[in-house]
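Data block below; observations after.
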Amino acid sequence: MMFRKALLIAVAVMLLAVSAVAENTVDLIMNTRTTQAFSDEAVSVDGQKVINQARLSTASAINQQPWFFVAVTNQEVMKEIASSGMGFAPPAGTPGKPEGAPQDGNGASPAAPPASNGPKAGLGDSPAAILIYRSDASKSPNADFDCGLAAQNMVIAASALGYSVKIISSPTMALNGENHDALCEKLGVDTSMQAVAVLLLGHADSSVDVTSQATTRESFETKTNIIE
Ligand SMILES: Cc1cc2nc3c(=O)[nH]c(=O)nc-3n(C[C@H](O)[C@H](O)[C@H](O)COP(=O)(O)O)c2cc1C
């Protein structure tokens, strides 16, 4: 009898702990925002932990794992990429060309209104960056989507580890532009791969008010249909 009671209490405590973890996870996801300004504080990791958590947890179509990650903390390399081939505009439909053209950080002239006012961190503005490459699209038609999932998982992993993050796609113009092969060689990436996004990683600059710059979201009704 005593044992049964103890077991029931243990199960109840476990359930409470699991629901607290789930709640914290939802909070973490809901509170993770794009960081537009990073401090100079170096990050002690080379992104390994963040990459590993995303790499191990992300699902991909037919388990192709069509990604390759490059963690960069070398500021010179970041600046070189940021200034490499900017202005090169691949034709529409070229892999890696950000939809609707770049908006801001490292980008050329915005095609759409800026998402928010204030600073826009680009490549070279954070102490670390993770470049996300995907395999030749003909080998895996879902590769972009899979890499997007990995990027978002990295955002969550980084956030849980106490980092601030920002996803940008504008550097893909440089990474996939005329210097693509040379940059791949420098970064140790197979030249058949294309860059899809870059994750900026660091700590937020606490002197910058990011809350009042936070972008808004359109309404539930605008973006959702419910068919009953
Ligand atoms: C795939 C992707 C590409 C993005 N590319 C850029 C970019 O090139 N430059 C930039 O400043 N922000 C970029 N962003 C950041 C978005 O502008 C930002 O996430 C969006 O405005 C929502 O802002 P919030 O995360 O603060 O709510 C990108 C975000 C995503 C998900």
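Here the simple spin-label model places points 7 Å from the Cα toward Cβ, and for S83 and T32 these points are separated by 3.3 nm. Straight Cα distances below 26 angstrom link K166 to the lysines K49, K79, K97, K120, K186, K223, with same-chain residues fewer than 8 positions distant left out. In the assembled protein chains, K79 presents an accessible area of approximately 110 Å² (probe radius 1.4 Å). Taking label positions 7 Å along the Cα-Cβ direction at both K186 and F145, the computed distance is 3.4 nm, reported to one decimal. Here the spin labels are modelled as points 7 Å beyond Cα on the Cα-Cβ line, and at D136 and L56 they lie 3.2 nm apart. Only protein heavy atoms count here; under a 1.4 Å probe, T216 has an accessible surface of about 120 Å².
Across F68, F220, F38, the residue with the most accessible area heads the list, and the full order at a 1.4 Å probe is F220, F68, F38.
The peptide list 26-34, 195-203, put in order of mean Cβ contacts within 10 Å with the highest first, becomes 195-203, 26-34. Taking I167, I81 and ordering them by how much accessible surface each has at a 1.4 Å probe, largest first, produces I167, I81.
Rolling a 1.4 Å probe over the protein chains gives V165 an accessible area of about 10 Å².
The values are calculated or read from the model by the stated rules, or taken from the named source; none is laboratory data. Computed from a predicted structure; not experimentally measured. In this analysis, Cβ positions are derived from the backbone assuming ideal geometry, glycine residues included, and neighbour counts consider all displayed protein chains. For accessibility, only protein heavy atoms count, side chains too; no ligands or nucleic acids. Shrake-Rupley method; radii C 1.70, N 1.55, O 1.52, S 1.80 Å.
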